[in-house]
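Taking it in order: structure first as structure tokens, then the write-up.
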Amino acid sequence: MMYFSGILKSDVTDASEKVVGRLKDILIKSQDGEYAPLEFLVIAGKGGGLFYIPYGETEHISKSGVVLRRVWDKLERVTERPTGCLSLVDDIYDQQIMDINGARVVRANDLRFAVVDDKMRVVGIDVSVRGLFRRLGLLWLDVFHLLKTNLIDWRDASPVRGTLKIGALASNFHRLHPADMADIIEDLHLKRGSKLVGYLDPRSAAKVLEEMDEETQKKFLKSFDPGRIRQILDNMSTDEVVDLIQSFSKSDAAVYLSFLGDERHQAVKKLLAHDDDTAGGLMTVDYIPVSLDLTVAQAMEEVRKFSARFRSILYIYGINTEGVFRGAISLRRLLLAKPEQKLREVIKKQKRLPTLSPDDNLNYICDMMTRYNLFSVAVLDKDHKMLGVVTIDDVMRTMRPRA
């Protein structure tokens with residue numbers, strides 16, 4: 001096994017067996033989904049100066065040093081750093097690395113090399129303490145061999161140093177669940193995390209911020225310009241916006257409320273009037289109200305129209321022209337019904353689900369949802385008009401904020 005730490009600073013010898021310098025660095029070109037080939041050796045010349053030698057000029061490379069295939073004077077070499085390359089020393093060593101597969105941020109302590117497709121490439125990143133000890137020349141301290149190597153496949157990792165690299169890794173980032181994205185971003189320095197969020201589309205960025213606690217949300221939002229803040233808030237669920245606004249001081253809350261459109265602004269202000277641990281404080285106004293005069297096919301079209309905006313959709317809610325609640329219909333029931341059926345016919349054939357009032361407390365809500373195995377419950381006012389929906393997700397987040 002060959003590691004970068006084993007060859008870094010080793011002697012470089014040309015074809016005449018003359019020591020011409022020391023290996024100071026290696027440059028690579030990284031592409032998504034591929035092991036990175038070694039492109040240039042960076043050699044500190046014996047007489048001074050830095051030289052960039054194409055890796056193709058290498059005859060042999062191992063722990064004993066680097067041997068070049070030609071004499072020094074005949075070698076192809078340049079003194080200006082080639083563009084489009086990453087430096088293993090400056091850009092990878094000791095840098096934060098995003099492990100896409102493991103959904104975490106780690107630090108690169110050493111790098112593993114191997115020949116793949118007839119080329120020497122970087123194939124793994126050692127993130128273990130053993131890797132750090134190897135690099136520092138302290139492996140002799142591990143006399144009982146207790147330290148284990150922990151390699152991350154190079155193809156599953158992306159360095160997060162610098163704007164260009166963050167932009168390049170954003171495409172891989174989309175493969176992760178928003179909760180995993182949030183964990184990674186929270187582990188990064190604020191500046192780098194903000195840049196990474198900046199490369200996400202507004203909807204994805206909103207979903208990621210929803211997975212963070214309010215204090216972290218505030219830090220990131222304050223690092224964005226007003227236009228970006230408005231985009232993210234527009235794509236966050238209403239109940240998440242309410243939780244966020246509640247965490248601000250009165251003056252800051254007024255500023256962030258001003259980023260909302262008039263209709264959203266009014267909805268948020270109404271929710272802010274309720275206590276946190278009541279149905280009114282827990283509910284979201286992101287639900288799909290429908291007229292019972294619609295057919296099943298028309299109702300499904302409404303679901304398609306609004307689905308991208310909502311975190312999840314389990315029911316649609318039947319109301320009359322005055323907004324009075326008439327019942328909830330599950331998506332399962334819709335899928336089983338005939339497309340031409342009216343919703344009022346469908347709703348007659350199912351049991352009436354229990355509802356909440358805005359002042360019902362958390363214990364009552366938990367008891368009801370547990371007793372009836374509910375994932376969401378409609379919240380109605382004294383006139384039986386629908387105000388919002390409490391979901392099991394909202395309840396869990398209140399009982400365990402980091403769930």
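The values are calculated or read from the model by the stated rules, or taken from the named source; none is laboratory data. Keep in mind it's a predicted model, so treat the numbers as computed, not measured. For neighbour counting, all protein chains shown are included, and Cβ atoms are generated from backbone atoms with ideal geometry for every residue, glycine included.
Quick notes on this one:
- Residue check, D393 assigned to a helix (DSSP H, G or I), touching a Ser or Thr at 6+ places or on another chain (Cβ under 8 Å) and either in contact (Cβ under 8 Å) with a residue 60 or more places away in the chain or not charged (D, E, K, R) (or both): yes
- Matching entry among L23, L75 (being surrounded by 13 or more Cβ atoms within 10 Å (Cβ to Cβ) and in contact with a Ser or Thr (Cβ under 9 Å, 6 or more places away or on another chain)): L23
- S204 vs. criteria modelled with pLDDT of 85 or more, farther than 20 Å from Q96 by Cα and under 12 Å from the mean Cα position of the chain (by Cα): yes
- Where a residue in region 135-157 is in contact (Cβ under 8 Å) with a residue 60 or more places away in the chain and its partner, wherever it lies, is in a loop (DSSP other than H, G, I, E, B) and among the β-branched types (V, I, T), with Cβ under 8 Å and at least six apart: A157/I100
- Among the numbered conditions (1) in a helix (DSSP H, G or I); (2) at pLDDT 90 or above, the only one that V122 does not meet is (1).
- Test: residue in region 24-43 that is closer than 30 Å to P178 by Cβ, out of contact with any helix residue (DSSP H, G or I) (no Cβ under 7 Å at 6 or more places or on another chain) and without any contact (Cβ under 8 Å) to a residue 24 or more places away in the chain: yes
- Qualifying residue in region 256-273 (condition: modelled with pLDDT of 90 or more and touching an Asp or Glu at 6+ places or on another chain (Cβ under 6 Å)): no
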